[in-house]
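The values are calculated or read from the model by the stated rules, or taken from the named source; none is laboratory data. This one's a predicted model, so the numbers in the text were calculated from it and none came from an experiment. As a convention, Cβ positions derive from the backbone with ideal geometry for all residues, glycine included, and neighbour counts pool all protein chains shown.
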Amino acid sequence: MLAAALITFREGLEAALIVGVVLAVLRRVGRPEWRTAVWWGVATAVALSLVAGLALYAVGAKMEGRAEEVFEGAAMLLAAAFLTWMIFWMQTQGRQIRERLEDDTRQALGTGRRGSLFGLAFFAVGREGVETVLFLSAVAFADSGAVALAGGLVGLAVAVAVGWLLFAASTRLDVRRFFQVTGLLLVVVAAGLVAHGVHELQEARLLPVVVEHVWDINPVLDEGSGAGSLLKALFGYNGNPSLIEVVSYVAFYGIVGALLWRQRPSAAKAA
């Protein structure tokens, strides 16, 4: 639940910031009547994202046996890859997002067509929606659909509330710092998805097991217990992981950590 809430909070707040920037530009230039086009774009993007999410989850729910394991494993690894890419992209581009959106909004106003503003809001929010759908589907496969949905709704509600407060108070959020902090948390979530994905592909016999259980601490901390489920959702905890699960989990942290460390000088120079 917490992993789903964290993902939707970050993605939802990013979408809320996008809408807030566009509305702020309209307010500054005295064109409030164009806000309707923005909200139509947002509503359409949200509706299509919900349809895509339900369709993706329905496809996974209908599969059984080996096909289900392959589908879920592939979805988890794909979601982890997208999460990781998003983290690196935001580390370098987070500072310029506001300026680019303001320029795009002014260009849309310059065309004199409401469709341009609709398209700007639709594609900006739609991108966040598609990413959220993929991430939540992977979390739902790793945990449960009901828990992932509940966590997603909580995170989205908090994101909308925070975004509205920032817009109403005309407060500028340190976007770069926000994405740095949440990015580190999402690295943990992505590592858990990698381990879960590897486990599913091993269940489907697409990856070798080598050593079935490197250790077994389920008698001490069962992954099905309350604490174990929490650790599983946040950190990808497995009480009896295979050797390849452990290696992939540790390797993910090592590779991502090294790349983030190398990125620090270029990010500081750009700032």
Quiz item: Hey, GLY73 hits all of (1) on the phi > 0 side of the Ramachandran plot; (2) within 24 Å of the chain's Cα centre (by Cα) but one; which does it fall short on?
Solution: (1)
Quiz item: Quick one: which of PHE123, PHE88, PHE118, PHE135 is assigned to a helix (DSSP H, G or I), among the aromatic types (Phe, Trp, Tyr) and modelled with pLDDT under 80?
Solution: PHE135
Self-check item: the range 1-59, subset part of a helix (DSSP H, G or I) and basic (Lys, Arg), residue modelled with the highest pLDDT
Solution: ARG35
Quiz item: Which pairs have Cβ atoms under 6 Å, sit 6 or more apart or on different chains, and link a residue in the range 18-38 that is more than 16 Å from ARG98 (Cα to Cα) to one that is of a type in the set (D, E, K, R) and buried (at least 16 other Cβ atoms within 10 Å of the Cβ)?
Solution: ALA37/ARG114
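From the set of residues in the range 220-243 that are more than 19 Å from the chain's Cα centre (by Cα) and buried (at least 20 other Cβ atoms within 10 Å of the Cβ), which is nearest to GLN202 (Cα to Cα)?
SER242
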Practice problem: From (1) touching a residue at least 12 places away in the same chain (Cβ under 8 Å); (2) not in a loop (DSSP other than H, G, I, E, B), pick out the condition that doesn't hold for HIS213. | Solution: (2)
Quiz item: For the range 193-207, does any single residue satisfy the condition of being modelled with pLDDT of 85 or more and farther than 17 Å from GLU69 by Cβ?
Solution: no
Quiz item: Restricting attention to the range 249-267, does a residue exist that is part of a loop (DSSP other than H, G, I, E, B), of a type in the set (Ser, Thr, Tyr), surrounded by 14 or more Cβ atoms within 10 Å (Cβ to Cβ) and modelled with pLDDT of 80 or more?
Solution: no
Quiz item: Restricting the range 174-208 to residues that are closer than 22 Å to MET63 by Cβ and among the aliphatic types (A, V, I, L, M), which is surrounded by the fewest Cβ atoms within 10 Å (Cβ to Cβ)?
Solution: LEU206
